[in-house]
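One structure below.
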Amino acid sequence: MDENINRINLPVSIEISDDDIYEAMKNISGYLDITPADLKEIYKFAYRHAWERITQSVKAHDIMTKQVFSVKKDTPLKEVAELMAEKSVSGIPVIKEDGKVAGIISEKDFLLHMCAGDKPHFMAVVAEFLSGKGCVTFPVRLQKAEDIMTSPAIIVREDATVVEISNIFFEKNINRVPVTDREGKLLGIVSRADIVRALLITGKPLT
Amino acid sequence: MLRDYFNKMQGVTKSPPAVNLSEIMWSWIGAFLGIATVALISYKVLEGKGLTMIIGSFGASAVLIYGAIKSPLAQPRNLLGGHIFSAVIGVTSYQLFNPHIWFAAAIAVATAVAFMHATKTLHPPGGATALIAVIGGESVHKLGYLYAIIPTAAGASIMLIVALLVNNIPRSRRYPEFWL
């Protein structure tokens with residue numbers, strides 16, 4: 001399967017037909033000093049320029065959630081889980097004393113260390129639980145955020161475009177990315193839902 | 001590689017659609033009035049003064065500025081710039097290379113095309129204006145550089161005024177698309 005068809009950095013549709021162009025030319029009453037082929041080519045280029053302008057114009061800065069919940073490296077895991085549950089987030093950045101991003105914890109990181117075997121899938125935990133063995137929780141040494149966090153975290157800057165972020169989500173198979181400044185300090189976070197919302201907004205038909 | 005060369009001659013698209021009856025009618029009216037004006041001045045006013053207000057290339061300009069008014073080639077900048085530059089180039093070529101008329105003619109037209117391209121004033125009748133400066137005979141040669149003013153600049157300007165007035169009468173038309 002061609003993985004590239006899932007990349008969303010190509011124009012959505014350039015399927016204007018020769019007939020569409022010819023009919024459009026008939027809509028203009030004067031003599032148009034251009035051939036249908038040239039007009040079609042200009043149309044495709046103009047469409048691509050517009051697509052790039054729109055997708056380049058929406059940046060992380062515009063769509064990120066600024067009120068980011070975060071934990072410290074030494075935050076006990078119980079607290080991390082409680083915070084994630086309370087705020088209904090599936091991932092949370094771990095920050096150092098100076099505000100820089102040290103790593104990121106997601107549901108997957110929890111699952112990896114729970115009784116799930118190789119597959120970090122919630123249902124594996126359920127299955128284990130239902131098998132009657134009871135949930136053997138973490139080895140004692142794993143007690144703090146820094147023990148299970150993914151580090152270094154994948155991050156983006158404020159000027160990353162929607163397209164760049166989407167490609168990161170696809171390539172790295174992640175669902176959220178912290179947004180940092182040049183020193184690595186946490187500014188916000190972009191999730192898949194933010195991307196979908198951004199695309200719905202920018203996907204309005206060109207007038 | 002040779003096959004690619006000949007393949008290019010095949011053509012890739014088709015002719016644009018034909019214009020409607022209104023367009024055809026207003027093209028006719030504009031061309032008639034434009035040529036009538038310069039011709040009247042030429043034959044009634046200037047006759048006997050060794051001057052003319054009409055040259056063959058104006059017929060070609062009429063096609064553009066009354067018949068294809070949306071074309072970039074038909075805009076005032078192209079009409080005036082194209083004719084005037086080409087006239088100067090034509091006269092210069094004649095004066096430099098005559099009596100080698102065939103050579104002067106080729107230099108005149110080719111240079112006119114290149115110069116019009118470079119100055120964004122491409123206007124097909126300009127090529128004719130340059131050519132006429134060389135092959136137009138004694139009456140043209142006698143004018144020297146005055147050829148660039150009468151008939152070229154003056155005649156083109158008169159036709160432009162007619163175009164501005166007539167082309168904007170119907171609601172479906174407007175002229176020009178741009179000045180600069």
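Taking the Cα centre as origin and putting +1 on Lys and Arg beta-carbons and -1 on Asp and Glu beta-carbons, what dipole magnitude results for segment B:22-167, to the nearest 20 debye?
Its charge dipole is roughly 180 debye.
Each residue of segment A:73-84 is assigned a 3J(HN,Hα), and the resulting list reads 5, 9, 5, x, 4, 4, 5, 4, 5, 5, 5, 4 Hz, derived from the Karplus form 6.51 cos²θ - 1.76 cosθ + 1.60 (θ = phi - 60°), x at Gly and Pro. Shown in residue order for segment A:120-125 are the 3J(HN,Hα) couplings computed by the Karplus curve 6.51 cos²θ - 1.76 cosθ + 1.60 at θ = phi - 60°: x, 10, 4, 5, 5, 5 Hz (x for Gly and Pro). Close amide H pairs (under 5 Å, H built 1.01 Å from N) link B:Lys70 with A:Tyr31, residues at least 5 positions away or on another chain.
Scanning residues 5 or more positions from A:Gly91 or on other chains, none has an amide H under 5 Å from its amide H, with H placed 1.01 Å from N in the peptide plane.
Measuring how big segment B:22-167 is from its alpha-carbon positions, Rg and Dmax come out at 14.7, 48 Å. The H on the amide N of A:Lys144, modeled in the peptide plane, is under 5 Å from the matching H of A:Leu77, each at least 5 residues off or on a different chain. Loop-resident GluC sites (Glu not before Pro) (DSSP state other than H, G, I, E or B) in segment A:15-76 with no more than 15 further Cβ atoms inside 10 Å of their Cβ: A:Glu15.
Couplings for segment B:60-73, taken from phi via the Karplus curve 6.51 cos²θ - 1.76 cosθ + 1.60 with θ = phi - 60°, read 5, 4, 4, 4, 6, 7, 10, x, 9, 5, 7, 5, x, 6 Hz in order; Gly and Pro are left as x. Relative contact order of segment B:1-125: 22 percent, from C-alpha pairs under 8 Å at least 6 residues apart in sequence.
Rule-based calculations on the coordinates, nothing more; no lab input. Computed from a predicted model, the values in this text were never measured in an experiment. Every residue, glycine as well, gets a Cβ built from its backbone with ideal geometry; the counts of neighbours run over all protein chains shown.
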